[in-house]
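The values are calculated or read from the model by the stated rules, or taken from the named source; none is laboratory data. Being a predicted model, the structure only gives us computed values, none of them experimental. Note: ideal-geometry Cβ built from the backbone for every residue, glycine included; neighbour counts use all protein chains shown. Calculation scope for accessible area: heavy atoms of the full protein, side chains included, ligands and nucleic acids excluded. Shrake-Rupley method; radii C 1.70, N 1.55, O 1.52, S 1.80 Å.
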Amino acid sequence: MRRFAPILGSAVFLVIAPGTLTVYVPWLLDRWRMAPPVLGITPFRWLGVFLIALGLPVLLDSFARFAWQGFGTPAPVAPPKHLIVTGLYRYVRNPMYVAVTSLILGQGLFFGNVSVLEFGVVVWLCFHVFVLAYEEPTLRNKFGDEYKEFCANVRRWLPRIKPWAGTTQP
């Protein structure tokens with residue numbers, strides 16, 4: 001029962017937030033119609049497939065960790081009780097935001113839609129501002145030295161080659 005609420009909350013938030021950004025808005029922008037490849041370069045379609053195939057499991061894994069390990073949700077109204085520093089978080093601090101951006105840009109490349117690509121850039125910029133202005137200060141206040149150590153060892157957006165071993169894992 002202790003995990004039921006975080007699992008349910010994470011599932012609902014997954015549908016509402018990333019679902020809107022990665023499914024509904026791109027669909028509104030292009031109705032998932034194939035256009036000519038971006039810049040006429042057909043391999044961009046394959047890059048799009050790669051980004052989508054990479055982004056989806058990263059997003060799902062990140063959400064699951066919030067419920068199973070953090071006993072919370074990614075939603076700011078029901079945050080995790082524990083700092084998540086396992087799994088893909090050992091490579092990059094914001095795998096959820098990277099995954100959402102990857103899914104959006106992947107669709108733009110696959111469908112050949114510049115509007116979806118532009119939307120992906122705007123979403124990433126909004127994520128960046130949110131992380132700097134709200135998320136990082138909030139996590140620093142909540143988790144203190146544990147979060148500072150995490151930030152010192154794991155980059156915000158670009159994944160590490162080797163996973164961080166960490167010293168403060170739950």
Being at negative phi, surrounded by 14 or more Cβ atoms within 10 Å (Cβ to Cβ) and not in a helix (DSSP H, G or I) is the filter here; which residues of the stretch 120-167 pass it?
V154, R156, W157, P159, P163, W164
Within the stretch 55-108, residues being over 10 Å from the mean Cα position of the chain (by Cα) and of a type in the set (G, A, S) number 9
Starting from the stretch 79-106, take each residue that is closer than 18 Å to G166 by Cα and list its partners that are among the acidic types (D, E) and open to solvent by 10 Å² or more (accessible area, probe 1.4 Å), counting only C-beta distances under 7 angstrom and pairs at least six apart or across chains.
L83/E146; G87/D61; L88/D61
Long-range neighbours under 9 Å by Cβ, at least six apart or interchain, first residue touching a residue at least 12 places away in the same chain (Cβ under 8 Å) within the stretch 27-54, second assigned to a loop (DSSP other than H, G, I, E, B) and exposed (fewer than 12 other Cβ atoms within 10 Å of the Cβ):
R45/M34
